[in-house]
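Structure first, then comments.
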Amino acid sequence: PPMIDGLPPIAVAKVAELSASQLAAHGLEGVLRWKIEYEPFWAEFFQRLTDVLDEVSVGDALQLVRVFAQLRSVHLDSVAACVAKVCDAEAEILLDLKETDLAYGAEALATMQETEALAVVLRVLASRVYRLEIPLATRLLDACRQVLTHDTGTTAQERMIEASSAESSDFADALCRAVVEKEDMPYKQVVEVAEATARLAEANLYRIEPRCGLEILFQHALRRGRTETTVGSADVERLVVAARSSCKSQVAALQKLQQQKVQNATSDVLAE
């Protein structure tokens, strides 16, 4: 969009007149599109947020935590109020929100180390994970792993992290099972989900057991790899590495598949 007096349109918005929902959208545009760091801009933003805090919905709160996660300086009371709205949200309200909004909000909560609110959102997301784009879902798994492996030092925080760990494990398991049901999913995305879940398992945040989602996913990848000629040895090698750090029972079969892929590629080259 064209500039106004050398400034982006967002810089001349009448912030004092914005509703809570409009303010959340305004803040998101500021951090994601324009990457604004100008302190007076955010001072005005937080002043207005203080005025409309009682009007902030759960959906608004999830958008606002995405804003907070990007800023170096925030209004702590406003942050606490928004996080509390997510923690206290009923499942029915969260289920009315878009999956992408929930996932982006969960990622921000992980970045902010708000593990209690993170667990609430992950619990809902696990039932709708099949609707998420794979890059976003795997990025969320990595964000959870990073925050849940921190040493907190207090019993209360440890309990919250334990709850969040259980929810992240359930989310990962549901994601693996959802991938298995999608036969047309690009093979590289299957690999990415296996790798992200394996990293979670390596951090002791996902339990490997017979017929767990990750084991089923490795078996699914193995079957597809055997029948699809477009699957290359490099992708299978990534699966071998992931299985070694998590689901060791699948390593031998994957290694055999990798060797077959290498042999097939060599034969194709010689045939030319």
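Restricting the first member to the stretch 77-96 and to residues that are over 24 Å from SER127 (Cα atoms), and the second to residues that are surrounded by fewer than 17 Cβ atoms within 10 Å (Cβ to Cβ) and of a type in the set (Val, Ile, Thr), the beta-carbon pairs closer than 8 Å and six or more apart or on different chains are ASP77/THR50; SER78/THR50.
Within the stretch 1-28, track down each residue that is at pLDDT 95 or above and either surrounded by 11 or more Cβ atoms within 10 Å (Cβ to Cβ) or of a type in the set (Ser, Thr, Tyr) (or both). VAL15, LEU18, SER19, ALA20, SER21, GLN22, LEU23, ALA24, ALA25, HIS26, GLY27, LEU28 - these are the residues of the stretch 1-28 that are at pLDDT 95 or above and either surrounded by 11 or more Cβ atoms within 10 Å (Cβ to Cβ) or of a type in the set (Ser, Thr, Tyr) (or both). Of all the criteria given as (1) modelled with pLDDT of 95 or more; (2) over 28 Å from LEU132 (Cβ atoms); (3) of a type in the set (D, E, K, R), the one not satisfied by ASP96 is (2).
Having 1 or more residues that are at pLDDT 95 or above and farther than 28 Å from LEU97 by Cβ is the bar; report the helices (runs of 4 or more DSSP H) wholly within the stretch 128-237 that clear it.
Values: elements: 134-148, 155-180, 187-202, 213-227.
Hits in the stretch 128-237: 187-202, 213-227.
Of the residues making up the stretch 228-243, just one is of a type in the set (D, E, K, R) and under 22 Å from the mean Cα position of the chain (by Cα), namely ARG238.
Let's see how each residue does on (1) under 24 Å from the mean Cα position of the chain (by Cα); (2) of a type in the set (Phe, Trp, Tyr); (3) surrounded by fewer than 18 Cβ atoms within 10 Å (Cβ to Cβ):
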site	(1), (2), (3)
ARG199	yes, no, no
CYS212	yes, no, no
LEU217	yes, no, no
ARG226	no, no, yes
SER245	yes, no, yes
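Would you check if VAL251 is surrounded by 15 or more Cβ atoms within 10 Å (Cβ to Cβ), without any contact (Cβ under 8 Å) to a residue 60 or more places away in the chain, among the β-branched types (Val, Ile, Thr) and assigned to a helix (DSSP H, G or I)?
yes
Yes or no: PHE46 over 23 Å from LEU141 (Cα atoms), of a type in the set (Phe, Trp, Tyr) and surrounded by 12 or more Cβ atoms within 10 Å (Cβ to Cβ)? Spelling it out, PHE46 is indeed over 23 Å from LEU141 (Cα atoms), of a type in the set (Phe, Trp, Tyr) and surrounded by 12 or more Cβ atoms within 10 Å (Cβ to Cβ).
The values are calculated or read from the model by the stated rules, or taken from the named source; none is laboratory data. It should be emphasised that the depicted structure is a prediction, and the values quoted were computed from it without experimental measurement. Please note: Cβ atoms are built from the backbone with ideal geometry, for glycine as well, and neighbour counts cover all protein chains shown.
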